Amino acid sequence: MVVTIVVLLILAGVSISLILDNNGIIKKSKDARREYGQVQTNEQADLDNMSDLIDEATGRVAKIDVNTKASRNGTINGEEGNANNPTIPKGYTPINTETSNWGDGTYAPSQDSVDHGLVIRDDSDNEWVWIPVPDVTVMCDTANETEYTLCGTSVTTKLYSKSEIIKRQTRTTPGTSTSGSYREPDLVVGSDGASYDTKDTYYKTILGFDSKEKMAEAFVAEYKEMIESIRKYGGFYIGRYELSEAGVKKNQPTLTNTNWYNLYKKCKSLNASEKVKTEMIWGCQWDVTCNFIANKGDKKDITNASSWGNYFTSTGNAKVVVTENGTETKKYGSKQNTGYSEYWKANNIYDLAGNCMESTQETNSTSYRVSRGGYYGDFGSSYAAFNCGYPYNDNDSYRSSRRFSSHFNNKVALNSRAWAPVWKNYQADIKCKTEQIQNCSVFIILKKKKYIITNF
């Protein structure tokens, strides 16, 4: 009996070990289930990629339903995408708003809806507005033959933004660093040639480039990709709201008090699928966005935005005052959360005018990145669409207000110009000396891929 019991105990131990051990049946079952799930996921990804390849090769376009997440790139009516029939990227959902409707899919969206800003949303509730650009040559000449060398490097580019896209915003060619020389793509290297983009604390520690040359090459490639995407798809998507730590969402504290490099990096992290790319906005994108809101839909004044932006000098409905706890509180002329007021909106895009300035990838002189739109302590008559440049490497209180923008594959740019001395006369600007208000806009562009397809 003792021997029997011992044998039974041994067998029980072996059985338990076989079941519960690190290499036991239960673990192997779990591993098998996990591996099977991964195989299913991989197979579905392969099928999706095959669909994408076939679509690319045959010109077939997927039809996307309103309020339904796109499983691959397509349009609302299943016809080829263009400026007035926006391509909806994989991973994004077209949504209707009060002023813009995608329609029932029978036709492309109405011209009025396109003009008022069609909106898409990702699973994280980031929202984007379509900016139609029927002819990319309004932004950039695509047949340039002359190569220009970026400041402080041997990197060259044939593509660069046009001298004038909107009035009062003029540019020169890359590599020019004289006073007031707005240009893109380019680097800023300081008057000594050894500052800003030349510092490994910025290009390497923050952005992960091995050298300033590698960073310059990336800027040139990103600019080219942005232009090519707009040419192919007829436009780009711009972040509907100012950038926040949470992304491009409503009712969030605008992301400030950080340097340009961190904002640039943040803007590249918002893509919802491998079919899009998000980046900080370029100046030329900001310009065509200004033309869009000036000439289409709401038709806002971009030379004096006091009537539709959050400024010290806001007028009319934009002069927002609310009643809180029985007391009237002034909201204009101070920093507010993203999308705070419907009166600070143009063609479904919030806070382009005022609230926080918008930093861009455009450069100015030797030491500036361009910021656009002005901030809450500015005059709306001066800063609606134009430049206000500041040294951008640090986040100290002097560089009071900027905003970042977001995009697919590209980012909408902000403008920069020297501050007017008059700001010192106003308490709102004095407050700005103690608070860093840096932000930016993000945009997205659809990725363009080349495929070689055989054995079909």
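Report the extension gain between Ser191 and Thr303 in nm, rounded to one decimal, defined as 0.36 nm multiplied by the number of residues separating them, less their alpha carbon distance.
Values: separation 112, 0.36 × 112 = 40.32 nm, distance 3.18 nm.
Between Ser191 and Thr303, full extension yields 37.1 nm more.
What is the gain in length, in nm to one decimal, between Thr137 and Ser269 on full extension, counting 0.36 nm per residue of separation less the C-alpha to C-alpha distance?
Details: separation 132, 0.36 × 132 = 47.52 nm, distance 2.84 nm.
Full extension from Thr137 to Ser269 adds 44.7 nm.
Counting other beta carbons within 10 Å of each residue's own, what order do Cys290, Cys140 fall into, fewest first? Spell out each step's value before the answer.
Values: Cys290 27, Cys140 21.
Result, fewest neighbours first: Cys140, Cys290.
Need one number: nm distance between label points at Thr176 and Glu245, each 7 Å from Cα along Cα→Cβ, rounded to one decimal.
4.2
Contour minus end-to-end for Ala83 and Asp104, with contour as 0.36 nm per residue of separation and end-to-end as the Cα-Cα distance? Kindly include the intermediate steps, with their values, before the conclusion.
Working: separation 21, 0.36 × 21 = 7.56 nm, distance 1.85 nm.
Additional length available on full extension: 5.7 nm.
Hey, with R₀ at 60 Å, roughly what FRET efficiency would Glu145 and Ser334 work out to, going by the Cβ-Cβ distance, to 0.05? Each step should come with its number before you reach the end.
Working: r = 50 Å, r/R0 = 0.84.
Efficiency, from the Cβ-Cβ distance: 0.75.
Can you figure out the FRET efficiency of Asn96 with Thr327, using R₀ = 35 Å and their beta-carbon distance, to the nearest 0.05? Mind showing how you got there, number by number?
On the way: r = 37 Å, r/R0 = 1.05.
Efficiency at R0 = 35 Å is approximately 0.45.
Can you give me the distance in nm between label points at Tyr343 and Ile206, each placed 7 Å from the Cα along the Cα-to-Cβ direction?
Spacing of the two 7 Å Cα→Cβ label points: 3.6 nm.
Can you sort Tyr160, Tyr311, Tyr343 from fewest to most other Cβ atoms within 10 Å of each residue's own Cβ? Provide the component values of the computation, followed by the final result.
Working: Tyr160 25, Tyr311 32, Tyr343 16.
Exposure proxy ranking, most exposed first: Tyr343, Tyr160, Tyr311.
Bear in mind these aren't lab numbers, they're just calculated from the coordinates by the rules spelled out. Computed from a predicted structure; not experimentally measured. Cβ atoms come from the backbone with ideal geometry, glycine included; neighbour counts cover every protein chain shown.
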